[in-house]
1. Grab the beta carbon distance between Tyr197 and Thr228, set R0 = 25 Å, and tell me the FRET efficiency rounded to 0.05.
2. How many Å² of accessible area per residue for the stretch 114-243, probe 1.4 Å?
3. Summarise the accessible area of the stretch 45-196 (1.4 Å probe, protein heavy atoms) by the percent that is carbon and sulfur.
4. What net charge do the residues around Gln51 carry, taking every other residue with its C-beta under 11 Å from that of Gln51, with Lys and Arg at +1 and Asp and Glu at -1?
5. Write down the accessible area per residue of the stretch 33-88 in Å², having rolled a 1.4 Å probe over the full set of protein chains.
6. If amide hydrogens are placed 1.01 Å from N in the peptide plane, which non-local residues have theirs closer than 5 Å to the one on Ile204?
7. Given a cut-off of under 8 Å on Cα pairs at least six residues apart, what relative contact order in percent is computed for the stretch 121-174?
8. DSSP loop chymotrypsin sites (Phe, Trp or Tyr not before Pro) in the stretch 158-243 with at most 14 other Cβ atoms within 10 Å of their Cβ, which ones?
Amino acid sequence: AQVQQKKERKRRCEAEEAGDVDALQEMGEDELELNFVALCKRLIKTPGFWQPTAAFVASIAISNNVSAFIGTTLGKAGVENAFEADEFGAAFQLAIMFGSIFLGGYVDRSKKYKPVSIALIIASIFLLMPIGAGEVIPDAYVLFSLVFLGLTVGPVQPICAELAVEVSYPEDENGVVALQQVCGNLFSAILVPILAYAATGDLIFGKLSGDYAILIVLGLVTLGYFTTFDAPLKRLEADKATE
């Protein structure tokens with residue numbers, strides 16, 4: 001490793017002397033990639049990192065897929081007007097934004113990461129049920145649940161991103177969130193064809209759409225895993241130590 005570092009330093013010095021900007025930029029990108037890989041390896045071994053990451057991934061997977069299939073979901077609930085469906089789709093996104101701002105801000109001040117996240121996950125699970133049962137219940141319940149789902153599932157992402165940063169301190173915050181985003185978007189993309197197929201099947205128990213049954217199970221598994229979180233908030237402890 002030391003020999004490799006000496007070689008890299010020599011290459012950098014030679015490029016600087018020659019004024020080779022392209023070579024310096026390429027070395028910078030390579031170094032960044034190596035640093036991110038090293039960061040990922042350290043985070044994997046960090047106690048308490050994976051519980052908030054699992055909740056972050058579940059949140060982004062639920063919100064992305066609800067948004068992706070919102071037209072189909074509302075169509076099953078009897079909302080056939082495209083403009084009305086778009087309005088409630090926009091309301092869902094606004095609810096995510098406002099919930100993230102206000103609840104995220106509250107948790108940032110109170111540091112009640114775990115209890116608030118658990119409450120939000122539980123609420124999201126219950127709100128997924130009427131949305132998934134839209135074919136057999138009044139559409140008003142579906143629309144009400146959809147908007148409130150945005151308020152509960154959306155804030156899980158910023159709250160759990162901050163929690164992951166807390167337990168992994170002093171690791172780079174941007175790197176921590178970047179890893180969570182990669183995991184969340186990848187898992188969300190994998191779920192899309194699975195949910196699309198499940199949505200075409202028969203109702204489970206004669207009431208619940210298959211795609212929402214999967215999302216509910218995802219929420220339950222995430223809830224069970226997240227409750228095992230028990231790690232120190234290193235950044236908070238460091239801040240208190242410097243006061």
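The values are calculated or read from the model by the stated rules, or taken from the named source; none is laboratory data. This one's a predicted model, so the numbers in the text were calculated from it and none came from an experiment. Note that we place each Cβ from the backbone using ideal geometry, even for glycine, and neighbour counts take in every protein chain shown. What goes into the accessible areas is simple: the full protein's heavy atoms, side chains included, and nothing from ligands, DNA or RNA. Shrake-Rupley method; radii C 1.70, N 1.55, O 1.52, S 1.80 Å.
1. On the way: r = 31 Å, r/R0 = 1.25.
Using R0 = 25 Å, I get an efficiency of 0.20.
2. Using a 1.4 Å probe on heavy atoms only, each residue of the stretch 114-243 averages 48 Å².
3. Details: 4520 of 6600 Å².
That share works out to 68 percent.
4. Details: positive: Lys114; negative: Asp230.
Every neighbour counted, the sum reads 0.
5. Details: 2740 Å² over 56 residues.
Accessible area per residue, the stretch 33-88: 49 Å².
6. It is Ser209, Gly210, by chain and number.
7. Numbers: 28 pairs, mean separation 18.2, N = 54.
That works out to 34 percent.
8. On the way: sites: Phe187, Tyr197, Phe205, Tyr212, Tyr225, Phe226, Phe229; in loops: Phe205, Phe229.
When the chymotrypsin sites (Phe, Trp or Tyr not before Pro) of the stretch 158-243 are filtered for loop state and at most 14 Cβ neighbours within 10 Å, Phe205 remain.
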